[in-house]
1. Could you tell me whether V384 is part of a helix (DSSP H, G or I) and surrounded by 15 or more Cβ atoms within 10 Å (Cβ to Cβ)?
2. Looking at region 292-318 only, could you name the residues that are touching a residue at least 40 places away in the same chain (Cβ under 8 Å) and either of a type in the set (V, I, T) or away from the ligand (no atom under 11 Å from the Cβ) (or both)?
3. So for region 14-32 (the condition being over 30 Å from V243 (Cβ atoms), open to solvent by 70 Å² or more (accessible area, probe 1.4 Å), assigned to a strand (DSSP E or B) and of a type outside the set (S, T, N, Q)), does at least one residue qualify?
4. Give region 361-389 a look and list any residue that's over 22 Å from Y204 (Cα atoms) and within 16 Å of the chain's Cα centre (by Cα), or say none.
5. Check whether at least one residue in region 254-261 is near the ligand (Cβ under 10 Å from one of its atoms), among the aliphatic types (A, V, I, L, M), within 15 Å of the chain's Cα centre (by Cα) and not in a helix (DSSP H, G or I), and report yes or no.
6. Among the residues in region 226-237, are any in contact (Cβ under 8 Å) with a residue 40 or more places away in the chain, of a type in the set (S, T, N, Q), assigned to a loop (DSSP other than H, G, I, E, B) and farther than 27 Å from L332 by Cβ?
7. Within region 53-68, count every residue that is touching a Pro at 6+ places or on another chain (Cβ under 6 Å) and open to solvent by 50 Å² or more (accessible area, probe 1.4 Å).
8. Here are some conditions: (1) surrounded by fewer than 23 Cβ atoms within 10 Å (Cβ to Cβ); (2) within 16 Å of the ligand (Cβ to nearest atom); (3) of a type in the set (A, V, I, L, M). A205 meets all but one. Which one does it not meet?
Amino acid sequence: MAEQHAELHFEGKVYKIPVVEGTENEKALDIGKLRAQSGLITLDYGYKNTGATTSAITFLDGEKGILRYRGYSIEELAEHSSFLETAYLIIYGELPTKDEYSQFVGDITKHTMVHEEVKSILDGFPSKAHPMGVLSSLIGALTAFYPNSLDPNRSGEEVNTSIIRILAKLPTLAAWTYKNEKGQPVNYPDNSLDYCSNFLKMMYAVPTDKYEPDALLSDALNKLLILHADHEQNCSTSTVRIVGSSHASLYSSVSAGVSALWGPLHGGANQAVIEMLEAIKEDGGNLAKWIAKAKDKNDPFRMMGFGHRVYKNFDPRAKIIKKAADNVLEKLGVHDPVLDIAKQLEEVALKDEYFVSRSLYPNVDFYSGIIYRALGIPTQMFTVMFAMGRLPGWIAQWKEMRENNEPIGRPRQVYTGRTQRSFVKMSDR
Ligand code: ACO
C-alpha cells in the first residue's frame, strides 16, 4: 500500500508530512522532520493533540469509553484476573502461563522486605508529612540501596531485578508511610499472604491484636489496582517516560511519576473528591450552590472527579468502580452519607447544560475514594493507593521506551519574551 501523507502549504511551498497508522486505525502526522524542512514547529499547550510515542501497551478510545491492556478489556481483567497477573501482562506483553505466574509471584514475594535503614529515613520525616511526598522520596532512595539499578543500560536481567524489587517493595513502603503518619511501629511483610492481603495487614495490624485477612477487602483492592494499572500517556506516565529518556534509573523515574500523580488535577483528585463531598455535606448538602461554583469562571473551584482529558463520553473505569463501591458498601453493611451526596451530585451534574456541553462525566477518582473509605483507608493515603495500582504501567512504559531506544524527551517552544537588549547597571536604574 502506498504510504499516506498529508500536505502542508506554507509561504508558497508544499511540505509532505508522512502519516503513521496504529493497529486500531488511529492516524498521526509524523512531524519529526518538519522543522528541518520548513523551520516550523508545532505548538500544543498541554500536549492535548500530540502523540509523544507509539506504544503497544494500552489502547484507549475516549469517545467510545474503551480501555484495553495489551488487547484485553479492563472489564474482563477486573472480573477474572489478579493484580499481579495483570501486572505481568502489562509489563511483559502476554498473559503468563501457570509456571511463569508462579515464578513471578514467587520472585515478588521474596523481595518484599526493605532495608532496615529505610526506617531511619522514615524516622526523619515529620509524622504529619503527606504520604505521597514520603513515598516519592523513599522510592528515589531505593537507588542508594541498589546502586546497580542506577544504570538502566545494564543487562536485561539486572533491569528485571529492579522491576521485581519495586513491585515487591512498593506495598511495604506505602504501608510504612501510613504507619509513620499514625506514629505507629511498622509491620514487616507477611510472605504467606497474597499481594493485597499482605498490604492490608501491613497497614492495619497492630502489635496488640491478631490480624485476620479479609477476603472481601483484598478482592476489592485487587479490582481497584487492576483498574488503575495503566492509562497510556497521561501526566505521570509521560513524566516517567521523559525522566527515563535521559537514562535515569527506573526508581528515579517512578519516583518522579509519583510526584506527578500527586496533583489534584491527576491522581490527587481521589483525595480532593472526598474532601469536596465532605465539605458539601458540612455545608448542608446544597448541591445547586456547589454546581454554580463549579460553573463560575471567577471561582477557581472545579467539580473534583468530573471531566477527563481523553474520556469525552464516560470513563469505563468509573462504571466498574461505581458498581464495586455499591457491592463493598452493601457487603460491609456500611451506609456512607458521602456516597448519597456523590450519587445526587452525579445525577444533577449529568443533566446540567454546562457539564453536558463540555462532556464532563465522573472519572475513576469520583468513586474510588468511596471504596477506599469503606476499606478503612485514610483520605491522605488515597493517592498512594493509586500509585500502587499504576506501578505496572509506569514500569511497562519505561521499559518500552528504553527497549525502543527512544531519544531524550525535549520539547521545543515559541519564545515570547523580550528581544535582545543591553544591560543597565543598577546605579543607572
Ligand atoms: N469542573 C468544572 N468545570 C470543568 C471541570 C470540572 N471538573 N473540568 C473541566 N471543566 C471545564 C473547563 O473550565 C473548560 O471550560 P471552558 O471551555 O468554558 O473554558 C472545559 O470544561 C474544558 O476543560 P479543560 O480544563 O480544558 O479540560 P482538560 O482536558 O484540560 O482537563 C481535567 C481535564 C484536568 C481532568 C479537568 O476536567 C479537571 O480539572 N477535572 C477535575 C479534576 C479531576 O477530577 N482530575 C482527575 C482526572 S482522572 C485522572 O487523572 C486519574
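1. On the way: part of a helix (DSSP H, G or I): yes; surrounded by 15 or more Cβ atoms within 10 Å (Cβ to Cβ): yes.
When the stated conditions are applied, V384 passes them.
2. Listed by number, the residues that qualify are V310, N313, F314, P316.
3. Yes.
4. Going residue by residue through region 361-389, those that are over 22 Å from Y204 (Cα atoms) are 361-367.
If the condition is that a residue be over 22 Å from Y204 (Cα atoms) and within 16 Å of the chain's Cα centre (by Cα), then N363, V364, D365, F366, Y367 are the ones that fit.
5. no
6. Checked region 226-237: at least one residue is in contact (Cβ under 8 Å) with a residue 40 or more places away in the chain, of a type in the set (S, T, N, Q), assigned to a loop (DSSP other than H, G, I, E, B) and farther than 27 Å from L332 by Cβ.
7. The first filter runs over region 53-68 and keeps only residues touching a Pro at 6+ places or on another chain (Cβ under 6 Å), leaving 65, 67.
Add one more test, that the residue is open to solvent by 50 Å² or more (accessible area, probe 1.4 Å), and what stays is none.
Of the residues in region 53-68, 0 are touching a Pro at 6+ places or on another chain (Cβ under 6 Å) and open to solvent by 50 Å² or more (accessible area, probe 1.4 Å).
8. With respect to (1) surrounded by fewer than 23 Cβ atoms within 10 Å (Cβ to Cβ); (2) within 16 Å of the ligand (Cβ to nearest atom); (3) of a type in the set (A, V, I, L, M), A205 is out only on (2).
The values are calculated or read from the model by the stated rules, or taken from the named source; none is laboratory data. Note that the coordinates shown come from a computational prediction; the quantities given were computed from them, not determined experimentally. Here the Cβ is made from the backbone with ideal geometry for all residues, glycine too, and neighbour counts use every protein chain on show. Areas reflect the complete protein model, heavy atoms only, side chains present, ligands, DNA and RNA absent. Shrake-Rupley method; radii C 1.70, N 1.55, O 1.52, S 1.80 Å.
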